[in-house]
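Take a look at the structure below.
No value in this document is a laboratory result; all are computed from the given coordinates. Predicted model, so just to flag it, every value in this text is computed and none were measured. Counting neighbours? That spans all protein chains shown, and the Cβs are built from the backbone with ideal geometry, glycine included.
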Amino acid sequence: MAAPAATRSDHPDQGLSAIMNPQFRQLPLGIAIALLFSPPARAADEPSVVEIETVTIFARGQTRQVQQLGAADFATAAPGTSPLKLLERLPGVNFSSADPAGAYEWSTKLTIRGFNQNQLGFTLDDVPLGDMSYRNHNGLHVSRAISTENLGRVTLSQGTGALDTASTSNLGGTVQFHSLDPSRERGVRVDQGFGSDNLRRSFLRLDTGEFGPDWRASLSYSNQSAEKWKGSGSQKQQQVNTKLVGEVAGARVSAFVNHSARKEVDYQDMSKQMIGRLGWNWDNYLPDWNAALASARGNWSRGETSVDDAYYAGAGIRRDWLAGVTIEAPVNDAVVVKTTAYYHNDRGPSLWWTPYRASSATVPVSLRTVEYAIDRAGLLSSVNIEAGAHQINAGVWFEHIDFDQAMRFYSQENGPSSLYEVPSDPVATRWHYRFGTHTAQFHLRDEYRVSPELTLTAGVKSPHTQSSVSTLEGDTKTGSIRAGKALLPQAGFNYRLDERSEVFGAVARNMRAFKGSAMEDSPFATSAAGFNAIRDGLKPETSTTIEGGWRYREGHTEASLVAYHVDFRNRLLGIQQGSAIQGNPVVLSNVGRVASRGVEAGVSVEVVRHLNWFNSASFNDSKYKNDFVDNGSVVAVSGKQVVDSPRFSANSVLGYDNGGQFGNLGATWVGQRQYTYLNDNPVAGHALFNLALGARKRAVGGLREVSALLAVTNLLDRRYIAALGTNGFVTSDPAGTAQTLLPGAPRSLSLTLGARF
């Protein structure tokens, strides 16, 4: 799969000017690539090429749509690629981001079958990652949870996620990330990446090998920085990942501790009208502080027409610790007990230099922050029982979250604060709240093997959450709200037609709990009177998914065809009260139903030895079924397509790997998308191409392996709008003035050199 590279540079480094120089983009691509990259010739004494791992994408034997990517699929990922971006090749998945790596969290958007990422479920080694919203209240983004190099596999369930998934947001599918186990052999891996926009990524992994009765550990460190592809500012991240596995008294023990320190500088949210007036490369004023001050005074000289056309800057700082330990212990040959305990600590502010609040009479700009502090801990425990033709799994999940959220202002009287440091000494606090959320969930599932051909599954889960708020500063908010369902059923079947093909079907109900947060689509994101008015009548969002399909596998050929229908009820919509960028609240309301239906198809075939061609195509018809009322006016959205949910999308990846040389050419096509509920100003579809070329050679000197990878994203350098709804979706925007779009990155390149010893 052609993975994203980092961004283009205007400041080439000595020795790397070929790939860093913007003039590279003017060369014929074939000539440029040939000049940059030539796979090493095979030596006469080189060991024979090993067979490359065959990855099964469409999981067999499942009663629901399940697909999996493995380490071989990540081999062509450019340095710093988000694990979420790796999913974009799969049917039904729509991923977008304003940066080539897909790691810029403000812009990251993932939709599956009409549901956005806040309505999906995510876990890492069974540990919940929450709903992965930018203003996250119950988890963290997977890009901070683990380095992509340390991923072993990713499992996607587009519709009816597993009952035992620790999530209270998975109305749609689930994404389960699994880390690589430490190697049984001692070893070192070193990768150094370079690329456009002064991209630098260093990755080091140490594997201890076995040092006891099947005990082994790994430790990795990564350090990445890259300038934005337009404007000024850098994206920086350091990560440490550790993992330990072993056995104690016949029980398998697995533990990890991961740390991330991320600092990212924002791109300016754009509108269609701004793109036409100011150009695709328009951005914030950074580092020109005087221009930001002049704009706040209403003095513009670059084509601006309001203070919202550009700010001085915006940024985000996040520091996370995530730890988990799992013990899987067989009681006897038929009973296995598995328990996972975890803890997550998150700290960091989002920064915005606002022209809406002056620092003084002479400095009309101040720094506004939204500050976050998450402490959450949880426990999952399950028992798996094999009883004849039945395989029974039952378990519980408990989690408690303490979440502090505050909006503060800092004087800029002495000049702008650093974008990369947490500010101190606020001059004012608009509000500061503490939220406590308790979650308890029980599940029970029975898989019954009726015959060698037929398998039936049935089960239930019972999620319950309670979120409460206390006021530390600002307008008083108190009280709590509950969300829960006694029984959310799930059932399915799998029937094997012959050795090559099978049919399956499933039905499941799911619920999304309320957010314990002061912002976005949370019942607390309003006044105390507003919360008291809605708390007793507000209903949690629910969905019923029905899906069925056919899978085929013979040799190196796989295929899948799936149809689905989703009934989404009690949709929650936050009605914004004024400008979102100024921090004004929303009032949350149930606004009716959404009906989704669609078809997903995928096929993977080995064209000739070592050459694989993967194709997927999706049709998704997600429509609002009810109008809603906004400030006394009826908004006629019934029959309109769901925002940021393209009706048509397709992916094609032609990949080659003979053990020595590898690479792929990928194409992604995304159809027209909507960012208004009335569908009155759609974003045009686009097609993107990505290229990766690599070579590896084994047993070079004292090294086990050396490798090189050149990755090119947006190969044809297309202009397109990537992320929608970055500043919220709007009811209508016929004039194209809503600042809620982000253009995609132009062509960018990266070169990664690696060694293993």
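Observations
- Mean sequence separation of contacting Cα pairs (under 8 Å, at least six apart), scaled by the length of segment 330-439, corresponds to a relative contact order of 26 percent.
- Formal net charge of residues neighbouring Ala255 (Cβ-Cβ distance under 10 Å; K, R +1; D, E -1): 0
- Computed over segment 630-752, relative contact order equals 21 percent, with contacts defined as Cα pairs under 8 Å that lie 6+ residues apart.
- The orientation-averaged shadow of the Cα convex hull for the chain, equal to a quarter of the hull surface, comes to 32.4 nm².
- Mean separation of Cα contacts under 8 Å, 6 or more apart, over the residue count of the chain: relative contact order %: 14
- Within-11-Å neighbourhood charge of Glu264 [Cβ basis; K, R +1; D, E -1]: +3
- In terms of packing, defined here as the mean over residues of other Cβ atoms within 10 angstrom, the peptides 499-510, 447-458 line up highest first as 499-510, 447-458.
- Normalised by residue number, the volume inside the convex hull of the Cα atoms of segment 454-541 is 115 Å³ per residue.
- Residue ranges 332-338, 57-63 sort as 57-63, 332-338 when ordered by packing (mean number of other C-beta atoms within 10 Å per residue, highest first).
- Mean residue ellipticity at 222 nm, helices only, the chain: -1500 deg cm²/dmol; runs of at least 4 DSSP H residues each add -39,500 (n - 2.57), and the sum is divided by the number of residues.
- Among 484-496, 347-359, sorting by the average number of other beta carbon atoms lying within 10 angstrom of each residue, highest first, gives 347-359, 484-496.
- Given charges at Cβ of Lys, Arg, Asp, Glu: segment 545-686 dipole, positive-most of Tyr675, Val603, Leu665: Tyr675
- Estimated FRET transfer efficiency (Ala458, Leu703; beta-carbon r; R0 56 Å; 0.05): 0.60
- Cβ-defined net charge surrounding Phe524, 12 Å radius [Lys, Arg +1; Asp, Glu -1]: +1
- Taking other Cβ atoms within 10 Å as a rough exposure proxy, Phe568, Phe531 sort from fewest to most as Phe531, Phe568.
- Measuring between alpha carbons in the structure, the pairs from Lys109/Lys228; Lys485/Lys515; Lys109/Lys477; Lys539/Lys640; Lys243/Lys515; Lys85/Lys338 lying more than 20 angstrom apart are Lys109/Lys477; Lys539/Lys640; Lys243/Lys515; Lys85/Lys338.
- Cα centroid separation - segment 729-757 against segment 448-470, whole Å: 37
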